[in-house]
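Enquirer: Below is one structure. I have some questions about it.
Read the figures in this text as sums done on the coordinates, not as results from a lab. Small disclaimer: the values here were computed from a predicted structure and weren't measured. Positions of Cβ are generated from backbone atoms using ideal geometry, with glycine treated the same way; all protein chains shown enter the neighbour counts.
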Amino acid sequence: MTCRHLTGLDPIAARTAGCEECLQIGSTWVHLRLCLSCGHVGCCDSSPHRHATGHFHQTSHPVIASFEPGERWAWCYVDDAELPVPARFEPHLNA
Ligand SMILES: [Zn+2]
Ligand SMILES: [Zn+2]
Ligand SMILES: [Zn+2]
């Protein structure tokens with residue numbers, strides 16, 4: 001199966017440097033994930049609040065990428081599959 005959810009998505013800069021919801025409530029996170037649809041930054045499923053997955057359930061934005069320095073992978077919630085990060089998103093990820 002091939003993920004088609006990245007087709008037509010324009011790269012967008014991260015809206016925050018940390019998890020958007022955790023920053024608002026003063027919480028902490030383990031790892032960060034970037035929503036490739038809207039630039040939302042959320043925390044991973046190892047974090048207490050799992051805001052990246054929560055963002056998917058709220059918005060149906062299908063694909064996140066790791067926002068950790070040096071990590072390059074994406075995940076499609078709809079296809080339940082790991083994906084390579086298209087080169088056009090590279091400028092918005094953490095080096
Ligand atoms: Zn997909
Ligand atoms: Zn969070
Ligand atoms: Zn989003």
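Enquirer: Just to be sure I understand, how many residues within the range 11-43 are within 15 Å of ALA74 (Cα to Cα), crowded, with 20+ Cβ neighbours inside 10 Å and more than 13 Å from ligand 3 (Cβ to nearest atom)?
Expert: Number satisfying all stated conditions: 2.
Enquirer: Which ones in the range 60-82 are of a type in the set (Lys, Arg) and within 14 Å of ligand 2 (Cβ to nearest atom)?
Expert: Those that are of a type in the set (Lys, Arg) and within 14 Å of ligand 2 (Cβ to nearest atom): none in the range 60-82.
Enquirer: Could you tell me whether the range 49-59 includes any residue that is near ligand 2 (Cβ under 9 Å from one of its atoms), of a type outside the set (D, E, K, R) and surrounded by fewer than 20 Cβ atoms within 10 Å (Cβ to Cβ)?
Expert: yes
Enquirer: For the list (1) closer than 18 Å to LEU93 by Cβ; (2) surrounded by fewer than 16 Cβ atoms within 10 Å (Cβ to Cβ); (3) within 16 Å of ligand 1 (Cβ to nearest atom), I need the number of the one condition that ASP80 fails.
Expert: (1)
Enquirer: Do you know which of the residues in the range 17-48 that are free of Cβ contacts under 8 Å to residues at least 24 places away in the same chain and either closer than 26 Å to THR7 by Cβ or touching a Phe, Trp or Tyr at 6+ places or on another chain (Cβ under 9 Å) (or both) is nearest to ligand 2 (Cβ to nearest atom)?
Expert: GLY42
Enquirer: Right, ARG88: more than 14 Å from the chain's Cα centre (by Cα), of a type outside the set (Phe, Trp, Tyr) and not in a loop (DSSP other than H, G, I, E, B) or not?
Expert: Criteria met by ARG88.
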